[in-house]
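The values are calculated or read from the model by the stated rules, or taken from the named source; none is laboratory data. None of the values given here were measured: they were computed from a predicted structure. Note: ideal-geometry Cβ built from the backbone for every residue, glycine included; neighbour counts use all protein chains shown. Remember, those area values only see protein heavy atoms, side chains included, never the ligands or the DNA or RNA. Shrake-Rupley method; radii C 1.70, N 1.55, O 1.52, S 1.80 Å.
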Amino acid sequence: MILDPPVSVYKGYSLSKDSEAYLVSHGLQNALYTIRAADLKEDIFGMLIPCPFQQPASPNAETYQNDANKKRPQEILGSEIEGIDETTSTINNHTKLDIQAECQAQTSNSKSCLLEFDGASKGNPGQAGAGAVLRNEDGSLICRLREGLGIATNNMAEYRAVLLGMKHALGKGYTKIHVKGDSKLVCMQIQGSWKARHENITNLYEEAKKLKNSFLSFHISHVPRECNSEADAQANLAVKLANGEVQEEFEFLQNPSRQDQTTTHGCSCSCKDRSSLLNFFFLLLQN
């Protein structure tokens, strides 16, 4: 627009109130540029061409554009979250595979055994002994165990027998065990079916429970007395031992003429001829 008197307005700057009032009085409102009439020349604007009318953007269009702009970061964020989820899922899968492989390795390396136990008391309470037999899964003998208990009840002797066998099984590296005994009280209490209430039994029960939890696999079952004869024989032999004396008997198949060998923990050897056994080992060392 060209006015006289001149008013100059520069884009981006606010007008004074007097200038705005003057422009409004001449029909100009929110003008961007003005020029003095004296400054008007033919080539000041170059070639002028008609400007087609453009409909101003509606508020709805602006809202749509804003929503689109907001939606795009959300889509990007969503894709990033999906990528993170996929990575997390992959890591979890690898972790599960590692745990499964470790469990399989533990299972393949685990050793299983059978334990037969029995206790004996001559008088109940009276002179008592604990007996146990450890076997491989195929039933072959690992060792026979005997422990002198001094004066004890029959139930205490039964508990001491199962403890004796479990400790030796763990000491030999066995991680899976199937226990058998003819004492229903001991079997049911260790299973958790019966409660141990007698104070003489409670401590033994707690110790048995701790040993039970040390195995990867543990099972205990009650058997008739006639099916527990070998453990019973060891318990009766243990009655003759001193209190705390433990004997462990092995079978050495490489010498069929002398299969049964017995060692006594912290004591003397109970073989038929101790001196001949020592001579035998001495000859082996020399060879």
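Quick rundown of the values:
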{"quantity": "Whether region 113-168 is rounded, prolate or oblate, judged on the alpha carbon gyration tensor where a/c under 1.5 counts as rounded", "calculated": "prolate"}
{"quantity": "Sorted peptide list for 224-232, 143-151, criterion being average Cβ within 10 angstrom, highest first", "calculated": "143-151, 224-232"}
{"quantity": "Karplus-derived 3J(HN,Hα), 6.51/-1.76/1.60, for each residue of region 228-238, Hz, glycine and proline x", "calculated": "10, 5, 6, 5, 4, 5, 5, 5, 5, 5, 5"}
{"quantity": "Of all accessible heavy-atom area on region 169-233, the percent that carbon and sulfur account for (1.4 Å)", "calculated": "47"}
{"quantity": "28 Å Cα-Cα threshold exceeded, pairs from Lys172/Lys195; Lys195/Lys240; Lys122/Lys180; Lys180/Lys240", "calculated": "Lys172/Lys195; Lys195/Lys240"}
{"quantity": "FRET efficiency, Asn236 to Leu216 (Cβ-Cβ, R0 45 Å, nearest 0.05)", "calculated": "0.85"}
{"quantity": "Residue-span extension gain [Lys209 to Gln191] - 0.36 nm each, minus C-alpha spacing", "calculated": "5.6 nm"}
{"quantity": "³J(HN,Hα), Karplus 6.51/-1.76/1.60, whole Hz, each residue of region 156-167, x for Gly, Pro", "calculated": "5, 5, 4, 5, 5, 5, 5, 5, 4, x, 5, 4"}
